1. Exactly one of (1) assigned to a helix (DSSP H, G or I); (2) modelled with pLDDT under 80; (3) under 17 Å from Phe112 (Cα atoms) is unmet by Gly55. Its number?
2. Of all residues in the stretch 67-96, count the ones that are crowded, with 18+ Cβ neighbours inside 10 Å and closer than 15 Å to Leu28 by Cα.
3. Test Trp114 against the stated conditions and say whether it is touching a helix residue (DSSP H, G or I) at 6+ places or on another chain (Cβ under 9 Å) and either modelled with pLDDT of 85 or more or among the charged types (D, E, K, R) (or both).
4. Taking Ser68 as meeting all but one of (1) modelled with pLDDT of 85 or more; (2) part of a loop (DSSP other than H, G, I, E, B); (3) small (Gly, Ala, Ser), write down the number of the exception.
5. Residues of the stretch 97-119 being surrounded by 15 or more Cβ atoms within 10 Å (Cβ to Cβ) and under 21 Å from Leu26 (Cβ atoms), which ones?
6. State the number of residues belonging to the stretch 61-93 that are in contact (Cβ under 8 Å) with a residue 60 or more places away in the chain and not hydrophobic (A, V, I, L, M, F, W, C).
Amino acid sequence: MLFLFHETKVPGLDFSSPVLLGLDALALGAGVTVAFVINEEFAVNDLGGPGRARGGWLTRWGKYQLSSLLGNVLIVAVQLALLATTALSPIVGGIVGAVVTYPITYAISMRFVWRVNRA
């Protein structure tokens, strides 16, 4: 939001909703990709799980995107709901949504993408 509006507060709900949704989609897709690379190279490698041998890198990346999709949808929903009902900054709404969905997304991804049972 800082790059688009030069402040953390969005000018108005009518103007910001399509722009905010587009920025959310782009940012969340990029964020999920970065999280996947970090997990792939450091976290899962250290666990010694069999997941790295199952499917190729692109297959695991696709599964990780899918496993993160529900969490990302919930993050955006919380963000837009807080913006519409309380005029709370989208930055704060995004943080609240991420904190709520992180444990669920992590557990699902460790089980579904890398087949690690101790998530």
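1. (1)
2. 12
3. No.
4. Result: Ser68 passes all but (2).
5. Matches in the stretch 97-119: Gly97, Ala98, Thr101, Thr105, Ser109.
6. Counting residues in the stretch 61-93 that are in contact (Cβ under 8 Å) with a residue 60 or more places away in the chain and not hydrophobic (A, V, I, L, M, F, W, C) gives 2.
The values are calculated or read from the model by the stated rules, or taken from the named source; none is laboratory data. Since this is a predicted model, take the numbers as computed values, not measurements. As a convention, Cβ positions derive from the backbone with ideal geometry for all residues, glycine included, and neighbour counts pool all protein chains shown.
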